[in-house]
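In what follows, a structure is listed as structure tokens, so that the remarks can point back to it.
Bear in mind these aren't lab numbers, they're just calculated from the coordinates by the rules spelled out. In this text the structure is predicted, and so the values were computed from the model without any measurement. Heads up, the Cβs are rebuilt from the backbone with ideal geometry, glycines too, and the neighbour counts pull from every protein chain shown.
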Amino acid sequence: MSHTSSKESRVFKKVLYKKVAEEIEKKEIDKGLWAMALSECLGDKIAAESRYIKLRAQDIEDEYIDQFERDQKIELEKVREIVTKERNDGLKYLSTIILMGSLFALAIALIAWPG
């Protein structure tokens with residue numbers, strides 16, 4: 001089992017780094033993140049490039065996780081709405097059955113009432 005999750009983790013990491021590489025090819029550099037990487041590497045541009053790639057990959061992963069969590073909350077809310085509607089519909093049906101039964105019992109009582 002851990003082999004599969006390890007493989008999935010490597011595949012996911014590969015996708016993240018590919019996205020970073022594509023951004024770099026398009027010259028879409030996050031200036032704040034670049035400055036952070038350069039600062040952490042004490043001005044060493046070669047080391048900063050490597051650090052930038054790692055930082056940007058982490059940013060993208062965080063964005064994916066945030067989006068996944070937002071999507072999960074939306075789906076959960078949809079399920080709650082469906083369950084609430086079904087419960088309310090069920091209660092309306094039950095109330096109708098009880099009301100009809102009460103009316104039927106009242107009608108029988110009136111018919112059977114002497115006089």
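Computed from the Cβ-Cβ distance with R0 of 41 Å, the FRET efficiency linking residue 75 to residue 39 stands at 0.55. If you compute log10 I(q)/I(0) by the Debye sum over Cα atoms at q = 0.11, 0.14, 0.19, 0.24 Å⁻¹ for the structure shown, which of (i) -0.34, -0.55, -1.01, -1.55; (ii) -0.53, -0.69, -1.02, -1.28; (iii) -0.63, -0.80, -1.04, -1.22 do you land on? The calculated read-out lines up with (iii).
Once you've got the GNM for the chain with C-alpha springs shorter than 10 Å, pick whichever of 50, 39, 102 has the biggest mean-square fluctuation. Maximum among the listed residues: 102.
Note on the chain: helix-only mean residue ellipticity at 222 nm, from DSSP H runs of 4+ residues weighted -39500 (n - 2.57) and normalised by residue number, equals -32500 deg cm²/dmol. Summarising the label geometry, the points placed 7 Å from Cα in the beta-carbon direction at residue 65 and residue 19 lie 1.3 nm from one another. Within segment 10-57, the GluC sites (Glu not before Pro) that combine a DSSP coil assignment with at most 13 other C-beta atoms in a 10 angstrom radius are 28. Per residue, the average separation of C-alpha pairs within less than 8 Å and at least 6 apart gives the chain a relative contact order of 18 percent.
Counted by neighbouring Cβ atoms within 10 Å, the residues 83, 20 run from fewest to most as 83, 20.
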